[in-house]
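Novice: My structure is below; once you've seen it, I'll send some questions.
The values are calculated or read from the model by the stated rules, or taken from the named source; none is laboratory data. Computed from a predicted model, the values in this text were never measured in an experiment. No Cβ is skipped: glycine too gets one built from the backbone with ideal geometry, and neighbour counts run over all protein chains shown.
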Amino acid sequence: MSDKPENRTDPATEPEANPGQAAPEATTTSVEPHERTEAERIADLEAEVAQLRDKWLRAEADMQNLRNRARREAEEARLYGIQKFARDAVETAENLRRGLDSLPPAAAGEPEVMTKLRNGFEGVERAFLAMLERHGVQRQEAQGVAFDPELHQAMAEQPAPQGVEPGTVIQAWTPAWTLNGRLLKPAMVVVAGKG
């Protein structure tokens, strides 16, 4: 054995030495990339731009819808957030009216204390109703108007008195109350039926 490295070649990779034949071409497994024309590249880029624009427009629409919904919910919370409190305040206003109605009617010669008491309670009621109105709570009297299922709750039906149209409220036990146009409490009414 000698210290010189042997220069051996693999016979499978070495072309045959045949001077009359050309060496076989090596086969490659990689395919050359298809040369795309400039028009194809532009078309692909335009399609990608259209797709991204569509995604952007959809995201913008979603954000606008979200902003609108948040604005609407904030407005409703501002307008109707006091609904429970307003319902309780309405009960207090109705109780105050019941108390005033239970007082005997004003009469000549009644004690001065009774007159002052009645006038004081009526002043409190006016101030209380004005405060409710400032905050969007409205009282709507039902007596004598046509029955409206959006505002009235029929508690009874009675035959229509002479000269009263059927479907008219002939007696209102309580008024209807609304909060910024939304029904807070319906009026409890008696409706004139068909004779």
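Novice: Would you be able to tell me the number of residues in region 66-110 that are more than 25 Å from the chain's Cα centre (by Cα), under 23 Å from Pro186 (Cα atoms) and outside any helix (DSSP H, G or I)?
Specialist: Residues meeting the conditions: 0.
Novice: Can I ask one more? Taking Ala127 as the residue in question, decide whether it is under 20 Å from Leu179 (Cβ atoms) and modelled with pLDDT of 95 or more.
Specialist: Numbers: under 20 Å from Leu179 (Cβ atoms): yes; modelled with pLDDT of 95 or more: yes.
The answer is yes for Ala127.
Novice: Can you go through Val113, Val90, Val49 and tell me which one is loosely packed, with under 10 Cβ neighbours inside 10 Å and of a type in the set (Val, Ile, Thr)?
Specialist: Working: Val90 fails: loosely packed, with under 10 Cβ neighbours inside 10 Å; Val49 fails: loosely packed, with under 10 Cβ neighbours inside 10 Å.
It is Val113.
Novice: On to the next question. Looking at (1) surrounded by 10 or more Cβ atoms within 10 Å (Cβ to Cβ); (2) at pLDDT 85 or above, which is the one condition that is false for Ala39?
Specialist: (1)
Novice: So if I check each of Thr178, Thr174, Thr168, which one is surrounded by 13 or more Cβ atoms within 10 Å (Cβ to Cβ), among the β-branched types (Val, Ile, Thr) and within 22 Å of Gly81 (Cβ to Cβ)? Full working, then the answer.
Specialist: On the way: Thr174 fails: within 22 Å of Gly81 (Cβ to Cβ); Thr168 fails: within 22 Å of Gly81 (Cβ to Cβ).
After applying the criteria, what remains is Thr178.
Novice: Could you give me the residue pairs with C-beta distances under 7 Å whose first residue belongs to region 160-171 and is assigned by TED's automatic domain parsing to the domain that holds Phe147, whose second residue is loosely packed, with under 10 Cβ neighbours inside 10 Å and of a type in the set (Gly, Ala, Ser) wherever it lies, and which are 6+ apart or on separate chains?
Specialist: That search, which allows pairs on different chains as well, returns Ala160/Gly195.
Novice: Right, here's the next one. I'd like to verify a number: residues in region 160-189 that are in contact with a helix residue (DSSP H, G or I) (Cβ under 8 Å, 6 or more places away or on another chain) and in a strand (DSSP E or B), how many?
Specialist: Within region 160-189, residues that are in contact with a helix residue (DSSP H, G or I) (Cβ under 8 Å, 6 or more places away or on another chain) and in a strand (DSSP E or B) number 5.
Novice: Oh, and also: I need the full set of residues from region 124-153 which are of a type outside the set (D, E, K, R) and part of a helix (DSSP H, G or I), in order please. Explain how you work it out, then say what you get.
Specialist: Taking region 124-153 first, the residues of a type outside the set (D, E, K, R) are 124, 127-132, 135-138, 140, 142-147, 149, 151-153.
Result: Val124, Ala127, Phe128, Leu129, Ala130, Met131, Leu132.
Novice: Filter region 40-80 for residues that are of a type in the set (Phe, Trp, Tyr) and either within 23 Å of Asn180 (Cα to Cα) or touching a residue at least 40 places away in the same chain (Cβ under 8 Å) (or both) and give the result.
Specialist: Matches in region 40-80: Tyr80 only.
Novice: When the residues of region 129-145 are filtered to those that are loosely packed, with under 15 Cβ neighbours inside 10 Å and in contact (Cβ under 8 Å) with a residue 24 or more places away in the chain, which remaining residue is nearest to Pro161 (Cα to Cα)?
Specialist: Going through region 129-145, the residues loosely packed, with under 15 Cβ neighbours inside 10 Å turn out to be 130-131, 133-135, 141, 143-144.
Retained after the next criterion (residues that are in contact (Cβ under 8 Å) with a residue 24 or more places away in the chain): 135, 141, 143-144.
Details: His135: 38, Glu141: 20, Gln143: 14, Gly144: 12 Å.
Filtering first and then ranking leaves Gly144.
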